[in-house]
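Only one structure is covered here, and it is reproduced in the block below.
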Amino acid sequence: MGDTDTRAVTLAFDHVSVRFGGLLALNDVTFNVLEHQIVGLIGPNGAGKTTAFNVACGFQKPTSGTISFPKLGRGRLRPPQLAGAGVARTLQGVGLFSHMSVLENVMAGAQSRPGGGTWRAIAGLPSGVRQERLLRAEALEHLERLGIAPFAAALPSGIPYGVAKKVSIARALMERPSLLMLDEPASGLDESELEVFTHLIIELRESMSVLLVEHNMDFVMQLVDHLVVLNFGQVIAQGSPKDISTNPDVLAAYLGIDE
Amino acid sequence: MNWWRTLSRQETTNSRVVAVLALTILTLLVTIFLPPVADSELAGGAAIAIVILGLSWLTGWSGQISLGNSGFMAVGAYAAGIWAHHHASTPLIFTLVLALVAGGLSGLVIAIPSTRLRGPYLAGMTLAFSAAVTPLAQNFTSVTGGEGGIFLNSLVTPKWFEHLFHGANASINANAQWTADLAVVVAGVMFFFMANLFHSRAGRSMRLVRDNDVAAELMGVHLARTRTMAFVVSAAFAGVGGALYSLLEASVRPETFPLTLSITLLTLMVLGGIGTLSGAVIGGIIFSFSANLVAHVNSLTGVNPTSNLGANMQGIIFGVLLIVTMIFAPRGIVSLSSPLRRLWRARRPLSVTQEVQ
Ligand SMILES: Nc1ncnc2c1ncn2[C@@H]1O[C@H](COP(=O)(O)OP(=O)(O)O)[C@@H](O)[C@H]1O
Ligand SMILES: [Mg+2]
């Protein structure tokens, strides 16, 4: 465990449990995401990974325990507030806005910024127009950085899956997050795309923390700094990828099943 | 310079100002040549176009449906009418702002409970509202004038306008043209506001919520606040349109705002094309022709206009129009222009290759 690590905590799960009727989807889960750290959350299907994301984002109330973002203050934050406070999340699958162009999808990431300027915009004042133009330019920069700018004018239905995944990341980056949460970012990507993604996420670590849920073990192992392994809602192990890959409990409960 | 860079410059306010201004001026020119009756019909169409636009915003942009917009019209019309009745010298713009605020407030009152309702329940709630408005107006006689309504002074034509267009002795023609021009200018201003709203961050919030509310919430959009805001704007536009319509008629009467008007508004919106400025213009144009159309069909078919069938002729005609439109242009009459627009757009790749060089 990173007990000796002096980096500040971005997100803390503190004895979090979530109960759906008779089912404990999360059982006494405790782990931290530190500044500039990539944390991977792994576990078999139904282990509670998405539920962990949902509690972190305020979509789901924990039955007991607390989620905290020490830099944002304590207390339960609702999704709209989290976006404004710098927590960005991609949805499992893609979750793009289907009737809007790729560029607009990315611009949507800026919805939570202060100073919407609705009145200025309605009156057609130049400052409102300039603001919108700056957003477009910024969104384009993200698309260029991810190498998908030529798709800017396309609708989500007309782009390859790998591109759509990048669009959802560009949209999250538009939120200027301090914590980026990625739900299965690698699913459906081919080898070369995976490589691009690995580099991208490592690059992002310079400016934010990353928490990701992933099934693709090769991808996770070479990417993350810290792994949290869930099984039936419980953390059965956590530590560096190397420790985890030799942990007998994990091999028995998860890696063995998965292979 | 890569071609996609040009995207960041698209949709500037300038192009919207030019489009709305051009259409407004064109329509003003048309009013010069129209006979007085046609001018009045055009004025009514302009007022209704404002209401359709507000409804189109609600349905097309926020994905909500309302059968209450005739009620919001009535609220705007009565607010303006009651005020203008007591303060006859108030400038038109003030009266219309009052209608806008009153309409918007009524929208807020309806929206707050409605944001918890979806689909048919929401439609039912708004339906109940517009059904309640007419009886309310008929009962509070001391304020609303009851069945008879409120009579207003007709809008006065300025002398310079009479001299400019009709010489000294054609004041009836001049008045019809003047009121039509006023209506067109008010509509132009409201269309300009809506065009800007469409392309603002608030406009984007609407579409985010409509497309994918979970993702929208993740982007920091407040769902209830956004849906409420959609209603308020829609109702404010209805308020202005309703007030303008009544000022043109120089009276506010309960029978102007029956429940069926809400259905007519929805029909006109769908006929024109949901969620677009041009669709609302087309809806307004159809409305301004509708009285004539009904009269023609009645005389062609020999139906007595006062008979049961004749009285419902408008509904029948709109119904047929709606079916025909749904078959040949399911996205509204406005979509018929897209082949034209594609021709226009075909020029863009040329400039793209130029920029890539
Ligand atoms: N809203 C819910 N209501 C009831 N049970 C749920 C709900 N969401 C998830 N679950 C259950 O909780 C468990 C964990 O689910 P999930 O977090 O989606 O797992 P993972 O993402 O690891 O595959 C599963 O057994 C799932 O069926
Ligand atoms: Mg999952």
At q = 0.11 Å⁻¹, work out log10 I(q)/I(0) for chain A with the Debye formula, treating every Cα as an identical point scatterer and leaving solvent out; two decimals please. -0.62
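Please give me the summed charge of the neighbours of B:Gly148: other residues whose Cβ is under 14 Å from its Cβ, Lys and Arg +1, Asp and Glu -1. Mind showing how you got there, number by number?
On the way: positive: B:Arg253; negative: B:Glu147, B:Glu249, B:Glu255.
Value of the local net charge: -2.
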Hull surface divided by four, with the convex hull built on the Cα atoms of region B:2-288: how many nm²? 16.4 nm²
When only DSSP loop residues count, what trypsin sites (Lys or Arg not before Pro) in region B:104-201 have their Cβ near at most 11 other Cβ atoms within 10 Å? B:Arg116
Taking chain B and counting helices only, DSSP H stretches of n ≥ 4 at -39,500 (n - 2.57) each over all residues, the nearest-500 ellipticity at 222 nm comes to -24500 deg cm²/dmol
Per q in 0.19, 0.24, 0.26 Å⁻¹, report the Debye log10 I(q)/I(0) for region B:173-247, using one uniform scatterer on each alpha carbon and no solvent. -0.81, -1.05, -1.14
I want to check the label-to-label distance for B:Tyr121 and A:Ile202. Put each point 7 Å from Cα in the C-beta direction and report it in nm to one decimal. 5.2 nm
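For chain A, what is the mean residue ellipticity at 222 nm derived from helices alone (per DSSP H run of n ≥ 4: -39500 (n - 2.57); sum divided by total residues; nearest 500 deg cm²/dmol)? Intermediate values should be presented prior to the final figure.
On the way: 9 runs with 87 residues, N = 259.
Computed mean residue ellipticity for chain A: -9500 deg cm²/dmol.
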Computed for B with A: buried accessible area summed over both chains, 1.4 Å probe, rounded to 100 Å², at 3500 Å²
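Just the number please: accessible area per residue for region B:2-288, 1.4 Å probe, all protein chains included, in Å². Numbers along the way, then the final one.
Working: 11290 Å² over 287 residues.
Counting only protein heavy atoms, the per-residue value for region B:2-288 is 39 Å².
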Quick one: Debye curve from the alpha-carbon atoms of region A:170-259 only, equal weights, vacuum; give me log10 I(q)/I(0) at q = 0.11, 0.15 Å⁻¹ to two decimals. -0.34, -0.62
At 1.4 Å probe size, with every protein chain present, just tell me what the per residue accessible area of chain A comes to in Å². 42 Å²
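Percent of accessible area on region B:2-288 owned by carbon and sulfur, 1.4 Å probe? Please report the intermediate quantities before stating the final value.
Numbers: 7890 of 11290 Å².
Ligands and nucleic acids excluded, carbon and sulfur reach 70 percent.
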Evaluate E = 1/(1 + (r/R0)^6) for A:Ala8 and B:Ala22, where r is the Cβ-Cβ distance and R0 equals 45 Å; express this FRET efficiency to the nearest 0.05. 0.20
In whole angstrom, how far apart do the alpha carbon centroids of region B:177-216 and region A:127-151 sit? 23 Å
Taking Cα centroids, how far is region B:38-83 from region A:176-220 in Å? 50 Å
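Subtract the Cα-Cα distance of A:Arg78 and A:Ala252 from 0.36 nm times their separation in residues, and report this length gain in nm to one decimal. Mind dumping the intermediate values first?
Numbers: separation 174, 0.36 × 174 = 62.64 nm, distance 3.75 nm.
Difference between extended and current length: 58.9 nm.
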Between A:His36 and B:Ser337, take the C-beta separation as r, use R0 = 41 Å, and let me know the FRET efficiency to the nearest 0.05. 0.20
Using a 1.4 Å probe on protein heavy atoms, which residues of region A:35-79 have at least 40 Å² less accessible area in the complex than alone? A:Phe59
Cα gyration tensor of region A:134-195 diagonalised, 5x eigenvalues square-rooted, in angstrom largest first, produces semi-axes 19, 16, 10
Using only the Cα atoms of region A:1-155, what do you get for the radius of gyration and for Dmax, in Å? 19.1, 57
Placing each pseudo-label 7 Å from Cα in the direction of the beta carbon, B:Asn308 and B:Ala224 end up separated by a distance in nanometres of 4.7 nm
Let me see the pair-distance distribution of the protein assembly as shown: every alpha carbon pair, 20 Å bin width, integer percents in order. 17, 42, 28, 11, 1, 0
Computed FRET efficiency, Cβ-Cβ of A:His215 and A:Glu141, R0 30 Å: what is it to the nearest 0.05? 0.45
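The values are calculated or read from the model by the stated rules, or taken from the named source; none is laboratory data. This is a predicted model, so every value here is computed, not measured. Ideal geometry is used to build each Cβ from the backbone, glycine not excepted, and the neighbour counts take in all protein chains shown. Surface areas here come from the heavy atoms of the whole protein model, side chains and all, with no ligands, DNA or RNA. Shrake-Rupley method; radii C 1.70, N 1.55, O 1.52, S 1.80 Å.
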